[in-house]
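To start, the structure under review is shown below, and the notes come after it.
Throughout, read-outs are computed from the coordinates displayed, never taken from laboratory work. Everything numeric here is computed off the predicted structure, so don't read it as measured data. Heads up, the Cβs are rebuilt from the backbone with ideal geometry, glycines too, and the neighbour counts pull from every protein chain shown.
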Amino acid sequence: MKNIITFILLFSINEASELAIGSLMPETDHQMVKTNGKNLTLSDAKGDKGTLVIFSSNTCPWVIRWEDRYVSITESYSSKGIGVIAVNSNASRFDDRESLGKMKSHAREKNYNFPYVQDPEAKLAMAFGATKTPHIYLFDNKDRLVYRGAIDDNARNANSVEEHFLSNAIEELITGQPISKTTSKAIGCSIKFP
Amino acid sequence: MIRIILISIFLCVQSCTKVDLVPSTADELISKIKQSKGEKAVLLNIWALWCDPCVEEFPMIVDLGVEHHDLEVVFISADFDDQVGEVRDFLDRNGVGPVSYIKKEKDESFILGIHPSWTGSLPFTIVYAKNSGNIVDLWEGEYPESRFRTAIEVALKS
């Protein structure tokens, strides 16, 4: 009986507590470190129409398959008022594969056209309830979460995507329509918390 | 005659050790797990070659399956379908077989079909009770062996 009660408790502790749709953007003044060594907060990265926060990594194969789409989405929407920021919260790997130096070379190699920052102590990921990379959060211009989840439904091949979850949500956001699909799920690499 | 036997042994080494890697949806996998109700507890582990924590905990999970006769360990790989050969090699090296599974549907339907609370982060583990078939525990990420052992102990008694 004691074991069963313990397990009920474990269950509830283990339930993922991702930021709920409609929640305010947390930790907007948390100082993160850009690949040029300077600090950046979420407040600094906001766009006039909304803000896209991407939890990412240098090494996750799921990110590798998807990250060209980070760039094309930024190309399409930064001029339309969407601020974009990629956040590396893999704090237990900051001395190794996810170091600032490796982030810098990765961003250059992949032609990142948005800030790529290190999240000290993974504080932002914890506040968002982010668990994996890539993990996407889109906020409106009042900093309310309007979409959470995946970029689209096909990591492996951008040409075979059937549902463009994120692009659809951004289009709806900037044209003032309700977001038709507010959450989606995809497999990804676990964030390596400190 | 000796030559034929040697050729047979060679061919067997090439093919007989290969695990049968069955492409599966979440629904197909859950149906299979339900068939164990009343006979065995089940530990379902979703893993991928590219996932370091998955690969690190994998041999420990295999050993738990060997240790507990009333426990069926079911692995399903979430690797991309262009990695089937590497997945088979890994399973063979770890003594998994004769059957194992690889995801064959899109992420979202797979994740929701396995369990709605799963965010998609790997590894993901669920332990089902032997008699009731109910979920005893589930967790994302790498946890100590003690969590597996406690869950299995409860699953075998409930």
Shielding score for B:49-56, defined as the mean number of other chain Cβ atoms within 10 Å: 3
List the GluC sites (Glu not before Pro) within region A:130-194 that fall in a DSSP loop (any state other than H, G, I, E or B) and whose Cβ has at most 16 other Cβ atoms within 10 Å. A:162, A:163
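Would region A:120-194 count as rounded, prolate or oblate if I go by the C-alpha gyration tensor, calling it rounded below 1.5 in a/c and otherwise prolate when a/b exceeds b/c, oblate otherwise?
Working: a/c = 2.95, a/b = 1.22, b/c = 2.42.
Oblate, since a/c reaches 1.5 and b/c is not below a/b.
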Considering amide H positions built from the backbone, and no H for Pro or chain starts, which residues 5 or more places from residue A:117, or on another chain, come under 5 Å of its amide H? A:86, A:87, A:88
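Going by how many other beta carbons lie within 10 Å of each one, how would you line up B:50, A:66, fewest first?
Numbers: B:50 19, A:66 24.
Taking fewest neighbouring Cβ atoms as first place, the list is B:50, A:66.
Test of understanding: ordering A:119, B:27, A:152 by Cβ neighbours within 10 Å, fewest first, what list do you get? Please report the intermediate quantities before stating the final value.
Working: A:119 25, B:27 13, A:152 22.
Listing A:119, B:27, A:152 from fewest to most nearby Cβ atoms yields B:27, A:152, A:119.
What do you get when you divide the Cα radius of gyration of the protein assembly as shown by 2.2 N^0.38 Å, with N the number of residues? Could the numbers behind the result be given before it?
Details: Rg = 22.1 Å, N = 352, 2.2 N^0.38 = 20.4 Å.
Ratio of Cα Rg to 2.2 N^0.38 Å: 1.08.
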Taking θ = phi - 60°, what integer Hz values does the Karplus form 6.51 cos²θ - 1.76 cosθ + 1.60 yield along region A:149-156, in sequence order, with x for Gly and Pro? x, 10, 6, 7, 9, 8, 5, 6
Relative contact order of chain B: what whole-number percent is it, with Cα pairs under 8 angstrom and at least 6 residues apart? 32
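So, with +1 on the Cβ of K and R and -1 on the Cβ of D and E, and no other charges, what is the size of the charge dipole of chain B about its Cα centre, to the nearest 20 debye? Walk me through the numbers before you get to the answer.
Numbers: 15 positive and 25 negative charges, 128 e Å.
Here chain B has a charge dipole of around 620 debye.
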Sequence order, region A:17-33: Karplus ³J(HN,Hα) from phi using 6.51 cos²θ - 1.76 cosθ + 1.60, θ = phi - 60°, Hz rounded, Gly and Pro as x, gives 10, 5, 4, 7, 4, x, 5, 6, 4, x, 6, 5, 9, 5, 7, 10, 10
Per the Kirkwood formula on distinct C-alpha pairs, the Rh of chain A is how many angstrom? 17.0
As an exercise, use a Förster radius of 30 Å and the Cβ-Cβ distance of residue A:97 and residue A:156 to find the FRET efficiency, rounded to the nearest 0.05. 0.85
Show the residues, 5+ positions off or on another chain, whose built amide H is closer than 5 Å to the amide H of residue B:137. B:127
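From other protein chains only, count the Cβ atoms within 10 Å of every residue's Cβ in A:56-66, then give the mean.
On the way: counts 0, 0, 0, 2, 2, 7, 8, 0, 1, 1, 0.
The shielding value for this peptide is 2.
Using the C-alpha atoms of region B:71-158, what convex hull volume per residue, in cubic angstrom, is computed?
Details: hull volume 9.8 nm³, N = 88.
Value for region B:71-158: 111 Å³ per residue.
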